[in-house]
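In what follows, a structure is listed as structure tokens, so that the remarks can point back to it.
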Amino acid sequence: MSSTMSPPGESPPPGPIDPAEGVETPAEQPSYGFPAGLWRAIEQHRPPGLVGTRAWRSPLRGPWLTSVFGAVLLAALPLVILTGLLDYIAYGPQFGQAFPSNVGWLHLPIFDWPTRPSWLFRLTEGLHVGLGLVLIPVVLAKLWSVVPKLFSWPPARSVAQVLERLSLLLLVGGILFEIATGVLNIQYDYIFGFSFYTGHYYGAMVFIGAFVVHVGLKLPTMIKSLGSRSLRTELRTSRADTQPEPADTGGLVPTNPAPATLSRRGALALVGGGSLLVAVLTAGQTIGGITRSTALLLPRGRSYGDGPNAFQINRTATAAGITTHDTGTGWRLTVHAGPRVIQLNRTQLLAMRQHTATLPIACVEGWSTTQTWTGVPLRELAALASVFDPHSAHIRSLEQAGAFNQAVLQRNQILDPDALLALRVNGADLSVDHGYPARIIVPALPGVHCTKWVESIEFRSDGHA
Amino acid sequence: MHNPLPRLGRAYGANPLHLLALVACFALTGYVATRLVSDPLVIRIVIWLAAAVIGHDLVLFPLYAWADRSLKAVLRILPSTWRNQTPVVPPLNYLRIPALGAGLLLLLFLPGIIQQGQQTYQSATGQTQQPYLGRWLLLTAAMFAISAGVYAIQSRRAGAPFRAVVRQLRPLIKPHERVITIAYRSDQHAGALLTTYALYFLDDEDSPAWRRISWADIANIQWHPDTDTLAVAGLPGAPVDHATIRLTAPGNLLEVGHGLINTTRIVTGPVDLEATHPSPGS
């Protein structure tokens with residue numbers, strides 16, 4: 001590895017240099033970094049009770065198998081990372097409503113999240129959560145495949161190895177942290193006690209850094225190892241014919257292998273089967289329709305019975321502290337536009353031109369549901385207040401507390417013809433749990449910004465931002 | 001001009017680029033730490049990061065590795081009657097796979113299954129977590145049941161040649177005899193069959209025919225690896241004096257056979273196997 005990573009343009013190094021030098025120094029010919037005495041002393045002081053190399057007996061462990069899992073993660077994790085970052089942008093960081101809101105230099109490029117295609121957020125969030133879950137068996141298999149290294153002695157023979165081990169701590173800690181917080185969040189279990197958004201965002205930054213470095217350091221090894229065996233041959237090799245990989249320098253191949261209880265083909269099928277199982281039990285919460293009931297163990301695989309309002313609720317009226325008094329005949333929508341203030345009751349809103357659109361509502365937990373909404377286009381409400389070129393709209397809910405009792409919409413999210421102040425859904429009045437008397441529904445807008453129990457809308461033109 | 005880089009690289013233990021990449025990685029982590037340090041809950045984030053690594057490396061991994069070793073150990077000490085039924089499909093993976101499936105689902109969907117976070121769950125969805133434990137148990141039951149079904153089919157398929165041989169020999173085998181094992185010849189046909197009372201073998205000296213010799217009439221059996229034959233020495237006066245059986249491999253036939261010869265001797269009286277003289281009882 002070291003020779004391929006020499007700085008470009010450098011002449012061949014003078015003096016003796018061990019080509020095997022580097023992190024993957026073979027155990028049988030140890031070479032130590034500075035100070036050699038320290039590393040040698042560490043090597044000689046093996047803690048009693050530490051698992052010996054002969055205790056690792058699976059004949060399947062080896063650079064090839066590890067590299068197969070690595071290649072799958074290398075192909076898929078960037079998609080999980082990218083969709084996750086896109087979802088942050090979808091929350092509208094320019095209005096300070098993406099969490100964590102102040103991330104310093106770690107902020108992402110800001111652009112107006114599009115409203116088209118209307119399933120954009122459904123896709124990015126569904127992919128982020130769905131693919132993230134599907135990759136968990138692969139992550140666990142990858143960790144299983146390299147676990148002997150964790151217990152190998154000495155832990156390091158140079159400063160380089162110490163640093164690389166520390167970076168692996170960030171890599172493994174980072175991905176397990178992201179998995180743990182993500183898996184808990186989609187099940188509304190906040191046992192971790194810190195803000196999910198803060199933890200998941202900064203955890204991602206730590207993981208991404210460690211991941212990029214790990215890929216940079218290990219990519220040549222991965223490519224070489226993948227080429228060491230033929231996948232096609234492995235897929236044809238039965239358990240009886242399964243032999244360990246040739247002895248490696250990295251300490252993955254067992255020195256004392258047991259007979260195979262599973263072929264490599266079987267191991268890949270087992271991990272793939274685990275991923276498939278998770279996929280089958282997850283996809284329904286995003287795809288919806290008849291597949292929804294297959295999400296047997298997820299909150300959003302459940303039925304809400306029959307009827308126009310029988311679809312997934314995100315935050316009940318009770319939890320939001322919404323009372324019948326708030327939503328009764330005394331309710332008025334207040335529209336602000338500069339100094340102008342207009343108040344409209346529900347009858348007046350229903351008397352305006354009604355527009356119907358079939359739009360998905362998608363949430364950060366990866367689930368979505370598509371319904372047919374009817375209401376007043378937001379741009380017509382803006383026009384009513386004589387705002388023809390709105391810059392943004394600040395929506396407030398009747399809800400007093402709660403992180404999402406208000407939201408700011410961008411220009412395109414007001415002007416889209418399907419952007420609605422919805423009054424009805426599937427031909428019936430909204431139920432109070434779905435935001436009666438009126439709620440926002442905008443194509444491709446994150447579900448939590450489709451504010452329910454709308455109390456006021458403030459349209460802002462340029463200069464009022 | 002002397003280039004110090006190689007010497008530095010050697011002292012460090014890797015290429016300088018390695019160092020630069022890692023320093024960049026740690027600097028990023030350091031920056032994240034400075035962003036978080038004012039957060040009153042930062043300590044929880046750090047604890048969860050550490051717990052994630054410890055939880056996997058020092059709890060989850062040892063736990064499933066130990067469970068797997070225990071499973072293998074239990075299967076090894078199963079009653080020998082389970083194992084002597086030839087051919088046996090190893091049950092290990094038929095237990096491992098559904099157990100892994102159930103474990104994976106438990107790990108991922110634990111909050112719902114143990115009803116953790118009831119209040120936030122109810123606020124968000126308007127529902128309770130009541131169904132999940134039952135659903136997980138049913139999924140677990142389904143995975144084990146499917147595995148059992150596949151195991152039954154595989155065992156039946158693997159046992160088909162065995163049963164065909166037993167069927168063929170049924171007229172010879174007495175009702176109280178229990179078939180223990182079969183050994184095969186290079187032409188894939190059965191060459192020998194062991195029951196609790198007798199050794200049956202295909203005698204093809206003239207025309208192929210199955211013959212029976214009771215363990216009580218056998219002095220010894222021996223495997224000759226050079227000719228791939230099993231030599232049977234009968235006791236004097238036995239219906240079969242000696243026989244040579246061609247087989248690909250003796251399998252567990254020798255072990256089981258010797259055990260049965262000895263058991264029969266104990267029942268019928270002691271005998272010196274080397275001398276092969278008739279025992280008082282026979």
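Values in this text are rule-based calculations from the coordinates and carry no lab data. Just so we're clear, the structure is a prediction, and the values are computed from it rather than from any experiment. For neighbour counting, all protein chains shown are included, and Cβ atoms are generated from backbone atoms with ideal geometry for every residue, glycine included.
Roughly what angle does helix A:196-226 make with the longest principal axis of chain A, taking Cα atoms, 0 to 90 degrees, to the nearest 10?
The helix A:196-226 is inclined about 40 degrees to chain A.
Which residue, B:V23, B:Q222, A:L276, has the largest displacement toward the positive end of the dipole of the protein assembly as shown when charges sit on each Cβ (Lys, Arg +1; Asp, Glu -1)?
With unit charges placed on the Cβ atoms, the residue in question is A:L276.
Grab the eigenvalues of the alpha-carbon gyration tensor for the range B:177-268, scale each by 5, take roots, and send me the semi-axes largest first in whole angstrom.
Numbers: eigenvalues 77, 41, 31 Å².
After diagonalising the Cα gyration tensor, the semi-axes are 20, 14, 12 Å.
May I have the pair-distance distribution P(r) for the range A:58-143, computed from all Cα-Cα distances with 5 Å bins from 0 and rounded to whole percent?
3, 13, 19, 17, 14, 12, 9, 6, 4, 2, 1, 0
Name the long-range amide H neighbours of B:A219: under 5 Å, sequence gap of 5 or more, or other chain; modelled H, no Pro or chain starts.
B:A233, B:G234, B:L235
Semi-axes of the equivalent ellipsoid for the protein assembly as shown, please: Cα gyration tensor eigenvalues, times 5, square-rooted, ordered largest first, whole Å.
66, 38, 19
Find the Cα radius of gyration of the range A:317-464, compare it with 2.2 N^0.38 Å by division, and give the number to two decimals.
In units of the globular-protein estimate, the range A:317-464 measures up at 0.95.
Find the all-direction average of the projected area of the Cα convex hull for the range B:80-172, expressing the result in square nanometres with one decimal place. Provide the component values of the computation, followed by the final result.
On the way: hull surface 32.9 nm².
Averaged projected area of the range B:80-172's Cα convex hull equals 8.2 nm².
Mind giving me the nanometre distance, one decimal, between the label points for A:T53 and B:A141, set 7 Å out from Cα along Cα→Cβ?
Inter-label distance under the simple model: 5.0 nm.
Say each of B:I54 and B:L20 gets a label point 7 Å from the Cα, pointing the same way as Cα to Cβ; how far apart are those two points in nm?
3.8 nm
Among the GluC sites (Glu not before Pro) in the range B:165-259, which ones are in a DSSP loop with at most 12 other Cβ atoms within 10 Å of the Cβ? Mind listing them? Could you put the intermediate results ahead of the total?
On the way: sites: B:E177, B:E205, B:E255; in loops: B:E177, B:E205.
In loop regions of the range B:165-259 (DSSP not H, G, I, E or B), the sparsely surrounded GluC sites (Glu not before Pro) are B:E205.
For the range B:80-172, give the magnitude of the charge dipole about the Cα centre (Cβ charges: +1 Lys/Arg, -1 Asp/Glu; no others), in debye to the nearest 20.
620 debye
Between A:A71 and B:Q115, what is the FRET efficiency for a Förster distance of 41 Å, r being their Cβ-Cβ separation, to the nearest 0.05?
Efficiency for this residue pair is about 0.60.
With springs connecting C-alpha atoms under 10 Å apart, model chain B as a Gaussian network and identify which of B:R69, B:R135, B:R35 has the largest mean-square fluctuation.
Of B:R69, B:R135, B:R35, the most mobile in the Gaussian network model is B:R35.
If you project the alpha carbons of chain B onto the principal axes, what extent comes out on each, in Å, largest first?
98, 75, 36
Where in the range A:389-406 is the amide nitrogen less than 18 Å from a point lying 7 Å along the Cα-to-Cβ axis of A:T323?
A:397-402
Two decimals is fine: what's Rg over Rh for the range A:19-284, C-alpha atoms, Kirkwood radius as Rh? Kindly include the intermediate steps, with their values, before the conclusion.
Working: Rg = 21.2 Å, Rh = 20.8 Å.
Radius of gyration over Kirkwood radius for the range A:19-284 works out to 1.02.
Farthest toward the dipole's positive end in the range A:19-284, which of A:G92, A:L226, A:F194, given Cβ charges of +1 (Lys, Arg) and -1 (Asp, Glu) about the Cα centre?
Of the listed residues, the answer is A:L226.
Only Lys, Arg, Asp and Glu count, each charged at its Cβ (+1, +1, -1, -1), so figure out the dipole size of chain B about its Cα centre, rounded to 20 debye.
Details: 22 positive and 16 negative charges, 247 e Å.
My answer is approximately 1180 debye.
Where the only charges are on Cβ atoms (+1 Lys, Arg; -1 Asp, Glu), what is the dipole of the protein assembly as shown about its Cα centre, to the nearest 20 debye?
The dipole magnitude comes to about 680 debye.
Kindly write out, for the range B:189-203 in residue order, the coupling ³J(HN,Hα) from the Karplus curve 6.51 cos²θ - 1.76 cosθ + 1.60 (θ = phi - 60°), rounded to whole Hz, with x marking Gly and Pro.
Karplus values, whole Hz, x for Gly and Pro: 7, 5, x, 8, 9, 10, 10, 5, 10, 8, 9, 9, 9, 8, 9.
Using the Karplus curve 6.51 cos²θ - 1.76 cosθ + 1.60 with θ = phi - 60°, what ³J(HN,Hα) values do you get for each residue of the range A:290-298, in whole Hz, with x for Gly and Pro?
Taking θ as phi minus 60°, the curve returns 6, 6, 4, 5, 6, 7, 5, 10, 9 Hz for the range A:290-298.
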